[in-house]
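A.B. asks: I am attaching a structure below and will ask some questions about it afterwards.
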Amino acid sequence: MKKEILSGNEAIARGAFEAGVKVASAYPGTPSTEILENIIRYPDINSSWAPNEKVALEVAIGASFGGGRAIACMKHVGVNVAADPLFTLSYTGVGGGLLLVVADDPEMHSSQNEQDSRNYARFAKVPMLEPADSSECKEFTRLAFDLSEQFDTPVMLRSCTRISHGKSIVELAEPVSGLSEPKLVKNPAKLVMLPGNARVRHPLVEERVVKLGEHGDSWEINRVEYRSNEIGIIAAGVTYQYVREALPEASTLKLGMVYPLPKERIRDFAGKVKTVYVVEELDPFIEDQVKAMGISVIGKEIIPMCGELSPWRIRKAFADAGIINIPEYQAIQTEPIPSRPPNMCPGCPHRGLFYMLNRLNAYVTGDIGCYTLGFMPPLNAMDTCVCMGASISNASGIVRVLSPEERHRVVAVIGDSTFLHTGINSLMEMAWNQSPATVVILDNRITAMTGRQENPASGFTLSGEPAPEVNIPDLCRALGIRNLKVIDPYDLEATFNTLKEEMDRDEPSVIVTNRPCCLIKGDDRFQAGEVLYVDQDACTGCRACLRIGCPAIEWQPAPDGKKGKAYIDPLLCTGCTVCQQLCKFDAIRGGK
Amino acid sequence: MSDKVTNILLVGVGGQGILLASEILAEAFMLAGFDVKKSEIHGMSQRGGSVVSHVRFGATVCSPVVPEGEGDILFGFELLETYRYLPLLRSGAKVVANDFRIYPPAVLLGQQAYPDGLAEKIRNLMPDLLLVDGLKFAIEAGNPRAANTVLLGAVSGKLDIEESVWLNAIEKMVPRKALDVNLKAFRIGRSL
């Protein structure tokens, strides 16, 4: 068969295709986003973005109840949003096989926490598979659908950043054939979770967990590799790869299914090696369960609980505990150098708004998206950021405890996609209960942070087909917002005045910005303007233009001890004119 | 030594085309018959932040991430980033670096200086340094945007893989209309 180098996400998409999946739904979130973006390569699968993860899972559940195989994909924190249907889905079971893919982010490369999704499998009493490379991503995705239908259960597949965004060689296969055609089958006693029905279902769920564990005892997805009988290691996922590299002589029990655990196989393995260790990233998920079986294992006593593991971190943990010897390692020493944090793009429509929030000494409750970078210097204009949609409800809550003077400083900022994800509920609350905070909806017409995905207000579907678009101002009015203004965030004076006016108001108010993300390509509507330049004679070196932190503007120190001057990189400038409006000396030219 | 895994790190600034270069490398190693794994971080780092991509090949590769202090080749797209990631290398590793500077925010704001003499600082720690003016050779090849391919050519010279394999990988990964320029840029880099 054909071999290709695929990322874990590409391989999961391929696995869904080979498994005969009919419906795929997701909300973008790093590192899971590319799963759905690759599923659209297979036209037999009906795939679409959902406004949030709960909806994505419910769409998949519907397709499954109709008898089709279905997949829902999300990042770890997305499962928090989707948890409500997940727990009851465990009771109803499935029609067509159903797979929930969750991509964790140990080390928080692009996330607000590093929660360990394996706990959800145990909490919801559903099996969870954990692949260790792209080849297993494809294979386990296929297997998950068979398992789901065999045991009448949703299945979770856990990836992580290093698996989803790692690449390795995968052998492609033909899709399965002979799946039964979807059709309506009435079975209300199984699918209507009224208390009377749910009470019947719960014992079946408990029985299913036991049977799945027994299945795992003989399933080749859980594999023992005997080497040394001194050290035996239980590991799964990418951590297994790290273990193989860090401790090549150790015997391993590689778990492909991390919940429920194959207890007999674990007991047998523990009996054949002198000391058993559990090496796992984040929580002692396997370790606690193995200890509860009365088996003596070593885990978090020596393995770090926070952040990613690596072959080096594992080797060091074993060496520090005196279990192995490693040669002295002296890393190459370099001098301190300037850091390079991420920044908003040149021409980003959020920049001027955050500059003005800073000038107004606003207390900004933030949200999840590119604009979270408003936290960074020199803008320094974000004070809280908890989760998707929280900006508005946090603002609504904080004004209730503040004095009237301080209350006026509170501004929530939220992007269009995040507003449509869960911010709508928060705004409904704020309007309903008349919390006198100001909300800015940064409508850049795209889900920008995760790589510019369409959303319900962008006018297009996942596959690029034109679609009805949510009218955000009308939606806010329908929710009961009476004070609503739409502003051009490139117009600094209007932005400042509108912000000030609405912050001073003793009622809820919403400001919607109307400039699209400057990275949207292929449409002249989104060209900001002509490239600007600094007239070096007129520039007094006052540095006012630097305060917006635009990557296109560079400070050029003068060699002779005189004042330096600003310079605009013509390759980066998008002509948004925000810097030009800040220059009191008319030294920034062009673009008018 | 056939079991030995070779560890390559590609480093630079988000938006410089590091991911495509690492995909071409990985493709070439697969075509040459090796096992290969790669890993990088998407998301926050794309917004002009520091980016590092790991590519590993050999008979069997386990971890997708290069262990600290075991990098064999550093492929640097920008000088400051090249210097930043030197601690990931083993002593005596090879460095191919683009002679190119992109100022980080603190330098643009005039709060910190872009360090002087970075090439010398790199050479002092890693004597096997090949400094390449990628932009100059890319213009010579016909398109300033082919600088990465010049560097890729230079990196290929440090690896024991036949030229035809590299050319096949580039043909597979680069869009047809940009192919001629990229093949030329690659050959220039390989001859350095």
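The values are calculated or read from the model by the stated rules, or taken from the named source; none is laboratory data. Note that the structure is a prediction, hence the values are computed from the model and not measured. Don't worry about glycine lacking a Cβ; one is built from the backbone with ideal geometry, like all the others, and counts go over all protein chains shown.
A.B. asks: Looking only at region A:582-592, count every residue that is of a type outside the set (Gly, Ala, Ser), in a loop (DSSP other than H, G, I, E, B) and crowded, with 16+ Cβ neighbours inside 10 Å and tell me the total.
C.D. replies: Here the count works out to 1.
A.B. asks: Looking only at region A:301-333, which residues are under 34 Å from the mean Cα position of the chain (by Cα), among the small types (Gly, Ala, Ser) and either more than 21 Å from A:Glu281 (Cα to Cα) or not in a loop (DSSP other than H, G, I, E, B) (or both)?
C.D. replies: Correct list: A:Ala317, A:Ala331.
A.B. asks: If you don't mind, another one. Scanning region B:81-103 for residues that are facing chain A (nearest Cβ under 8 Å) and crowded, with 18+ Cβ neighbours inside 10 Å, which turns out nearest to A:Ala566 (Cα to Cα)?
C.D. replies: The residue in question is B:Tyr103.
A.B. asks: Looking at region A:548-561, which of the residues that are in a loop (DSSP other than H, G, I, E, B) and in contact with a Leu (Cβ under 7 Å, 6 or more places away or on another chain) is farthest from the other protein chains (Cβ to nearest Cβ)?
C.D. replies: So, considering only residues that are in a loop (DSSP other than H, G, I, E, B) and in contact with a Leu (Cβ under 7 Å, 6 or more places away or on another chain), the one farthest from the other protein chains (Cβ to nearest Cβ) is A:Ala552.
A.B. asks: Sticking with this one: With the condition being within 14 Å of the chain's Cα centre (by Cα), buried (at least 24 other Cβ atoms within 10 Å of the Cβ) and in contact (Cβ under 8 Å) with a residue 60 or more places away in the chain, I'd like the helices (runs of 4 or more DSSP H) fully within region A:102-171 carrying at least 1 qualifying residues.
C.D. replies: A:161-164
A.B. asks: Does A:Tyr242 satisfy the criteria of being assigned to a helix (DSSP H, G or I) and among the aromatic types (Phe, Trp, Tyr)?
C.D. replies: Yes.
A.B. asks: Being under 30 Å from A:Ile481 (Cα atoms) and either within 14 Å of chain B (Cβ to nearest Cβ) or outside any loop (DSSP other than H, G, I, E, B) (or both) narrows it down to one residue among A:Cys517, A:Cys579, A:Cys545, A:Cys539; which is it?
C.D. replies: A:Cys517
A.B. asks: Could you tell me whether A:Lys167 is more than 30 Å from A:Glu34 (Cα to Cα) and either at pLDDT 95 or above or out of contact with any Leu (no Cβ under 6 Å at 6 or more places or on another chain) (or both)?
C.D. replies: no
A.B. asks: Is it the case that some residue within region B:104-121 is outside any loop (DSSP other than H, G, I, E, B), more than 7 Å from chain A (Cβ to nearest Cβ), in contact with a Ser or Thr (Cβ under 7 Å, 6 or more places away or on another chain) and not aromatic (Phe, Trp, Tyr)?
C.D. replies: Scanning region B:104-121, I find no residue that is outside any loop (DSSP other than H, G, I, E, B), more than 7 Å from chain A (Cβ to nearest Cβ), in contact with a Ser or Thr (Cβ under 7 Å, 6 or more places away or on another chain) and not aromatic (Phe, Trp, Tyr), so the answer is no.
A.B. asks: Mind listing just one residue for me: the one in region A:215-233 that is touching a Gly at 6+ places or on another chain (Cβ under 9 Å), under 13 Å from A:Ile266 (Cα atoms) and surrounded by 19 or more Cβ atoms within 10 Å (Cβ to Cβ) and, of those, nearest to the other protein chains (Cβ to nearest Cβ)?
C.D. replies: Checked region A:215-233; the qualifying residue nearest to the other protein chains (Cβ to nearest Cβ) is A:Asn222.
A.B. asks: Separate question: With respect to B:Ala32, determine if the residue is more than 7 Å from every other protein chain (Cβ to nearest Cβ) and either at pLDDT below 95 or in contact with an Asp or Glu (Cβ under 9 Å, 6 or more places away or on another chain) (or both).
C.D. replies: yes
A.B. asks: Where residues in region A:308-331 are more than 10 Å from chain B (Cβ to nearest Cβ) and surrounded by 13 or more Cβ atoms within 10 Å (Cβ to Cβ), which of them is nearest to A:Lys274 (Cα to Cα)?
C.D. replies: Only one residue fits best here, namely A:Ile323.
A.B. asks: Next question, about the same structure. What pairs can you find where one residue is in region B:145-157 and closer than 9 Å to B:Arg190 by Cβ and part of a helix (DSSP H, G or I), the other is modelled with pLDDT under 95 and of a type in the set (D, E, K, R), and their Cβ atoms are less than 6 Å apart, with a gap of 6+ or different chains?
C.D. replies: Going by the 6 Å Cβ cut-off, there are no qualifying pairs.
A.B. asks: Output the number of residues of region A:363-387 satisfying the condition of being closer than 24 Å to A:Ala544 by Cα, in contact with a helix residue (DSSP H, G or I) (Cβ under 7 Å, 6 or more places away or on another chain) and more than 12 Å from chain B (Cβ to nearest Cβ).
C.D. replies: Total satisfying the criteria: 5.
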